[in-house]
Amino acid sequence: MPRRYEENLKLTKNINFASLDAETNSGEKFENVTLKRLFPINSIHDYISVISPEGKELFIVKSMAGFEENSLKIAEEFLESFYMIPKILKVYGKKDKFGRLNIDVLTDIGDRTIEIANRQTDIKVREDGRVLFRDINDNRYEVEDLSRLDRRSLAILDSDL
(Lines give C-alpha, C1' and ligand atoms only; values in the text may rest on other atoms or scores of the structure.)
Protein backbone atom coordinates (compact mmCIF):
# COMPACT_ATOMS: atom_id res chain seq x y z
CA MET A 1 0.00 0.00 0.00
CA PRO A 2 1.46 3.40 -0.95
CA ARG A 3 2.16 5.94 1.76
CA ARG A 4 -0.42 8.66 2.29
CA TYR A 5 0.66 12.29 2.68
CA GLU A 6 -1.21 15.21 4.23
CA GLU A 7 -0.33 18.88 3.92
CA ASN A 8 -1.66 20.18 7.20
CA LEU A 9 -3.16 19.08 10.50
CA LYS A 10 -5.16 20.64 13.27
CA LEU A 11 -3.95 19.09 16.53
CA THR A 12 -5.48 19.05 20.00
CA LYS A 13 -4.00 17.61 23.19
CA ASN A 14 -5.62 14.77 25.05
CA ILE A 15 -5.97 15.09 28.82
CA ASN A 16 -2.73 13.30 29.73
CA PHE A 17 -0.83 14.52 26.62
CA ALA A 18 0.28 10.94 25.92
CA SER A 19 -1.50 11.18 22.57
CA LEU A 20 -3.17 13.75 20.35
CA ASP A 21 -6.29 14.17 18.26
CA ALA A 22 -5.75 15.21 14.65
CA GLU A 23 -7.96 16.63 11.92
CA THR A 24 -6.88 16.88 8.28
CA ASN A 25 -7.74 19.72 5.89
CA SER A 26 -10.54 17.58 4.46
CA GLY A 27 -12.11 17.22 7.93
CA GLU A 28 -11.07 13.61 8.54
CA LYS A 29 -10.57 13.07 12.28
CA PHE A 30 -8.22 10.72 14.10
CA GLU A 31 -8.18 10.19 17.86
CA ASN A 32 -5.33 9.18 20.17
CA VAL A 33 -2.58 9.46 17.57
CA THR A 34 1.11 9.94 18.22
CA LEU A 35 3.72 11.72 16.14
CA LYS A 36 7.15 10.42 15.16
CA ARG A 37 9.93 12.12 13.25
CA LEU A 38 11.15 10.10 10.30
CA PHE A 39 14.42 12.07 10.37
CA PRO A 40 14.85 13.06 14.05
CA ILE A 41 18.40 14.37 13.69
CA ASN A 42 18.46 16.13 10.33
CA SER A 43 14.93 17.33 9.74
CA ILE A 44 12.98 17.96 12.93
CA HIS A 45 10.05 19.83 11.32
CA ASP A 46 9.67 17.74 8.18
CA TYR A 47 8.39 14.24 7.46
CA ILE A 48 6.32 13.62 10.56
CA SER A 49 4.61 10.25 10.73
CA VAL A 50 1.14 10.16 12.32
CA ILE A 51 0.66 6.85 14.13
CA SER A 52 -2.62 5.17 15.15
CA PRO A 53 -3.20 3.83 18.69
CA GLU A 54 -2.48 0.38 17.23
CA GLY A 55 0.98 1.52 16.11
CA LYS A 56 0.27 1.73 12.37
CA GLU A 57 1.28 4.69 10.26
CA LEU A 58 -1.82 6.58 9.12
CA PHE A 59 -0.05 9.16 6.98
CA ILE A 60 2.95 11.48 6.77
CA VAL A 61 3.03 15.25 7.02
CA LYS A 62 5.86 16.45 4.75
CA SER A 63 6.33 19.72 6.62
CA MET A 64 4.91 21.39 9.72
CA ALA A 65 5.56 24.80 8.10
CA GLY A 66 1.87 25.17 7.21
CA PHE A 67 0.51 24.32 10.66
CA GLU A 68 -1.49 27.00 12.42
CA GLU A 69 0.31 28.43 15.45
CA ASN A 70 -1.50 26.40 18.13
CA SER A 71 -1.10 23.09 16.26
CA LEU A 72 2.57 23.81 15.63
CA LYS A 73 3.13 24.48 19.33
CA ILE A 74 1.33 21.25 20.30
CA ALA A 75 3.33 19.22 17.75
CA GLU A 76 6.65 20.71 18.87
CA GLU A 77 5.88 20.07 22.57
CA PHE A 78 4.82 16.50 21.86
CA LEU A 79 7.86 15.73 19.71
CA GLU A 80 10.27 17.47 22.10
CA SER A 81 9.06 15.31 24.98
CA PHE A 82 9.48 12.19 22.84
CA TYR A 83 12.85 13.13 21.34
CA MET A 84 14.55 14.80 24.26
CA ILE A 85 18.27 14.87 23.53
CA PRO A 86 20.29 16.31 26.42
CA LYS A 87 22.77 18.98 25.37
CA ILE A 88 26.35 18.52 26.61
CA LEU A 89 27.63 21.75 28.12
CA LYS A 90 30.91 20.59 29.68
CA VAL A 91 33.07 17.46 29.83
CA TYR A 92 34.55 16.61 33.23
CA GLY A 93 36.59 13.58 32.25
CA LYS A 94 36.67 10.19 30.58
CA LYS A 95 38.06 6.74 31.22
CA ASP A 96 38.12 3.33 29.63
CA LYS A 97 36.35 0.68 31.65
CA PHE A 98 36.16 -2.91 30.42
CA GLY A 99 36.64 -1.78 26.81
CA ARG A 100 33.96 0.86 27.02
CA LEU A 101 34.45 4.61 27.11
CA ASN A 102 32.82 6.41 30.04
CA ILE A 103 32.50 10.18 29.60
CA ASP A 104 31.45 12.30 32.60
CA VAL A 105 29.54 15.37 31.41
CA LEU A 106 27.34 18.26 32.46
CA THR A 107 24.19 18.46 30.35
CA ASP A 108 21.27 20.85 30.30
CA ILE A 109 19.45 18.35 32.55
CA GLY A 110 22.31 17.68 34.97
CA ASP A 111 25.43 15.55 35.39
CA ARG A 112 25.56 12.29 33.43
CA THR A 113 28.00 9.51 32.60
CA ILE A 114 27.77 8.46 28.98
CA GLU A 115 28.90 4.86 28.43
CA ILE A 116 30.02 4.33 24.84
CA ALA A 117 30.43 0.78 23.51
CA ASN A 118 31.99 1.62 20.13
CA ARG A 119 33.75 4.91 19.44
CA GLN A 120 33.50 4.51 15.65
CA THR A 121 29.73 4.01 15.50
CA ASP A 122 28.47 5.74 18.65
CA ILE A 123 30.21 9.12 18.28
CA LYS A 124 29.34 11.15 15.17
CA VAL A 125 30.93 14.49 14.29
CA ARG A 126 28.65 16.41 11.93
CA GLU A 127 29.74 18.95 9.32
CA ASP A 128 27.75 21.68 11.07
CA GLY A 129 29.85 21.37 14.25
CA ARG A 130 27.47 19.17 16.19
CA VAL A 131 28.65 15.99 17.88
CA LEU A 132 26.17 13.20 18.56
CA PHE A 133 26.75 10.48 21.15
CA ARG A 134 24.77 7.25 21.59
CA ASP A 135 25.22 5.33 24.84
CA ILE A 136 24.85 1.61 25.50
CA ASN A 137 21.15 2.10 26.34
CA ASP A 138 20.52 3.86 23.01
CA ASN A 139 20.14 7.27 24.69
CA ARG A 140 21.31 10.21 22.62
CA TYR A 141 23.38 13.23 23.72
CA GLU A 142 24.50 16.21 21.69
CA VAL A 143 27.16 18.89 21.66
CA GLU A 144 25.33 21.59 19.69
CA ASP A 145 28.49 23.40 18.60
CA LEU A 146 31.89 21.87 19.24
CA SER A 147 33.59 25.27 18.94
CA ARG A 148 31.60 26.58 21.92
CA LEU A 149 32.92 23.98 24.39
CA ASP A 150 35.59 25.15 26.82
CA ARG A 151 39.23 24.24 26.10
CA ARG A 152 39.45 21.56 28.79
CA SER A 153 36.32 19.80 27.47
CA LEU A 154 37.71 19.91 23.93
CA ALA A 155 41.05 18.50 25.10
CA ILE A 156 39.30 15.61 26.87
CA LEU A 157 37.22 14.69 23.80
CA ASP A 158 39.88 15.39 21.16
CA SER A 159 41.30 11.87 20.76
CA ASP A 160 37.81 10.34 20.38
CA LEU A 161 36.46 12.69 17.72
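Here are some notes:
- Condition broken by Gly55, with the remaining ones in (1) farther than 21 Å from Asn25 by Cα; (2) in contact with a Lys or Arg (Cβ under 6 Å, 6 or more places away or on another chain) satisfied: (2)
- Residue that is farthest from Leu9 (Cα to Cα) [pool: residues in segment 19-69 that are modelled with pLDDT under 90 and β-branched (Val, Ile, Thr)]: Ile41
Conditions tested, residue by residue: (1) more than 14 Å from the chain's Cα centre (by Cα); (2) modelled with pLDDT of 95 or more.
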| site | (1), (2) |
| --- | --- |
| Ser81 | no, no |
| Asp96 | yes, no |
| Arg140 | no, no |
| Val143 | no, yes |
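- Summed over segment 92-118, residues that are surrounded by fewer than 13 Cβ atoms within 10 Å (Cβ to Cβ) and touching a residue at least 40 places away in the same chain (Cβ under 8 Å) total 1.
- Condition check for Glu54: in contact with a strand residue (DSSP E or B) (Cβ under 8 Å, 6 or more places away or on another chain) and exposed (fewer than 14 other Cβ atoms within 10 Å of the Cβ): no
- Of the candidates Ser26, Ser49, Ser43, the single residue that is in a loop (DSSP other than H, G, I, E, B), farther than 14 Å from Gly66 by Cα and touching a strand residue (DSSP E or B) at 6+ places or on another chain (Cβ under 8 Å) is Ser43.
- Search result, residues across segment 18-56 that are among the acidic types (Asp, Glu) and closer than 30 Å to Glu144 by Cβ: Asp46
- Thr113 meets each of the listed conditions (1) under 20 Å from Leu154 (Cβ atoms); (2) modelled with pLDDT of 90 or more; (3) touching a helix residue (DSSP H, G or I) at 6+ places or on another chain (Cβ under 8 Å) apart from (3).
The values are calculated or read from the model by the stated rules, or taken from the named source; none is laboratory data. Computed from a predicted model, the values in this text were never measured in an experiment. Every residue, glycine as well, gets a Cβ built from its backbone with ideal geometry; the counts of neighbours run over all protein chains shown.
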